[in-house]
1. To one decimal in nm, how far is A:G260 from the same spot in the other copies, if labels go 7 Å from Cα toward Cβ? Please give the shortest first.
2. Could you calculate the contour length gain from B:K174 to B:K241, that is, 0.36 nm times the residue separation minus the distance between their Cα atoms, to one decimal place in nm?
3. At q = 0.24 Å⁻¹, what base-10 log of I(q)/I(0) does the Debye formula yield for segment A:207-256 when every alpha carbon is treated as an equal point scatterer in vacuo?
4. Normalized C-alpha radius of gyration of segment B:1-63, against 2.2 N^0.38 Å?
5. Give the residue list of GluC sites (Glu not before Pro) in segment A:148-241 that are DSSP loop and have at most 16 other beta-carbon atoms within 10 angstrom.
6. So how much accessible area does B:F200 have, in Å² to the nearest 10, using a 1.4 Å probe?
7. Pop out the ³J(HN,Hα) list for segment A:87-94 in order, Karplus 6.51 cos²θ - 1.76 cosθ + 1.60 with θ = phi - 60°, rounded to Hz; leave Gly and Pro as x.
8. Calculate how many DSSP beta bridges within the protein assembly as shown are antiparallel, expressed in % of all such bridges and rounded to the nearest 5.
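The values are calculated or read from the model by the stated rules, or taken from the named source; none is laboratory data. As the structure is a prediction and not an experimental result, all values here were calculated from the model. Cβ coordinates were reconstructed from backbone atoms using ideal geometry, including for glycine residues, and neighbour counts include every protein chain displayed. The area values use the complete protein model at the heavy-atom level, side chains included, leaving out ligands, DNA and RNA. Shrake-Rupley method; radii C 1.70, N 1.55, O 1.52, S 1.80 Å.
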Protein chains: 2
Amino acid sequence: MRAQPSAGEYKVLGWDAVGEVSAIGENVSGFKVGDKVWYAGDITRAGANSEYHLVDERIVGKQPASLSNMHAAVRLLIIGAAGGVGSILSQLALALTNATVIGTASRKESKEWLKGLALDYVIDHSKPLSQELARIGIEDVTHVISLTHTDSHYAEIVKVLAPQGQLALIDDPKIPLDIMQLKLKSISLHWELMFTKSMFKTADMHSQGQLLNAVSAMVDQGKIVSTLAEHYGLINAENLKKAHAFIESGKAIGKVVLAGF
Amino acid sequence: MRAQPSAGEYKVLGWDAVGEVSAIGENVSGFKVGDKVWYAGDITRAGANSEYHLVDERIVGKQPASLSNMHAAVRLLIIGAAGGVGSILSQLALALTNATVIGTASRKESKEWLKGLALDYVIDHSKPLSQELARIGIEDVTHVISLTHTDSHYAEIVKVLAPQGQLALIDDPKIPLDIMQLKLKSISLHWELMFTKSMFKTADMHSQGQLLNAVSAMVDQGKIVSTLAEHYGLINAENLKKAHAFIESGKAIGKVVLAGF
């Protein structure tokens with residue numbers, strides 16, 4: 001990151017500093033004058049190329065300490081939660097994690113469907129995600145799983161993700177996503193392609209079968225419900241065409257199934 | 001991912017299947033005829049819209065099983081390992097993990113410097129990374145940390161990363177990086193911006209000070225060595241100009257330091 005001053009202004013650079021505490025504010029509790037400290041500084045302030053620096057004690061190091069395991073509560077936003085993948089994903093997130101699960105849908109039928117799956121919140125992805133989250137009183141989310149139309153939601157995804165948040169996606173964005181937009185918040189991006197394990201015969205290839213078994217057991221135990229929503233009858237060319245046309249309409253809820261020959 | 005057949009050819013689609021085993025190969029050990037199974041199929045084969053499918057048993061689910069914790073050995077490639085960040089990062093990776101650590105450098109002096117830090121391997125980033133890794137007998141790496149010139153190395157990074165590999169970066173690529181190239185291998189991308197915690201006052205902001213303390217203790221215990229390589233004297237405008245010019249030359253090894261006023 002380059003710190004470019006506005007025209008006519010100047011900026012003091014220097015982001016790696018070692019020094020001694022010469023004064024502390026009245027609310028400082030972790031340091032006293034004379035302590036030997038080091039820090040990277042704060043890019044919103046003047047840097048360490050000046051003799052004295054004002055630095056927030058929370059980013060300053062002095063004594064050894066074990067690393068923190070602090071974890072913030074997980075707030076997961078699932079974009080396109082009413083589709084085939086989203087319907088199962090939502091249930092798995094609710095059953096296997098303590099996350100607050102927020103799903104998006106836009107049509108009345110798909111919103112009703114998600115409410116039936118007991119999601120914590122359902123918001124409308126035809127409106128700006130940040131506006132919808134504000135409506136339900138959620139400031140930001142720690143995780144986003146974007147299942148569809150990631151390109152059209154990208155700016156809002158970056159906006160609603162908390163610093164150090166995580167974005168997972170599975171679709172094929174039609175326009176390139178600018179990863180520089182993820183840098184300021186140190187957001188990470190995760191692809192999940194269901195064919196990676198089988199294409200590359202990865203060492204953990206068997207985990208894919210085991211995951212299916214785990215889900216199978218959950219279904220048998222009634223912990224998640226089938227998302228079967230439309231049954232298009234026998235597997236033949238005509239029914240396949242109908243099923244694909246329906247999925248491509250963007251109106252599919254849950255999983256579209258064909259069975260038998 | 002869309003499976004588009006070549007002109008004049010056809011492709012059987014359908015990637016979510018539930019059915020019964022009607023025959024098994026002679027090497028199949030986990031299933032028998034009559035087992036009820038489900039799977040996502042393999043995109044390199046015909047899909048489940050045909051009545052009978054041939055599927056590798058490793059991606060098929062049947063019985064409940066706990067999830068695997070299998071972890072492959074970590075092979076970490078650090079691009080630009082001889083610089084200020086890379087010199088400390090390399091030592092931390094060697095001291096705190098069991099990873100095989102491979103660093104890149106291009107000049108004779110920087111390669112010597114890295115050998116002095118006891119990296120497992122030093123390769124030349126002025127040549128294709130895949131070619132250099134092949135030279136030392138390493139097929140692929142599980143992690144890449146790219147500290148500089150990520151854009152010019154990007155194609156090779158994607159090539160040498162193993163499926164489900166991880167790419168971390170901190171620089172400002174001058175050309176957009178196409179994230180679609182990461183999808184086939186389900187590679188994830190991680191930004192680390194050293195100012196995220198202080199800019200957003202994150203809940204784990206204090207961890208930045210604690211990390212510095214942990215490193216401080218390691219230095220005192222002799223577990224990592226200072227990477228001080230150039231001392232440019234007092235902190236004043238003239239010396240700052242010299243130091244910045246040197247860093248921007250791309251020839252800096254270790255950390256460039258100024259001290260006192």
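1. A:G260 label point versus its equivalents elsewhere: 9.1 nm.
2. 21.7 nm
3. The Debye formula, applied to the Cα set alone, gives -0.86.
4. 1.20
5. A:E192
6. Its accessible surface works out to 70 Å², give or take rounding.
7. 5, 6, 4, 4, 5, 5, 4, 5
8. 25 percent
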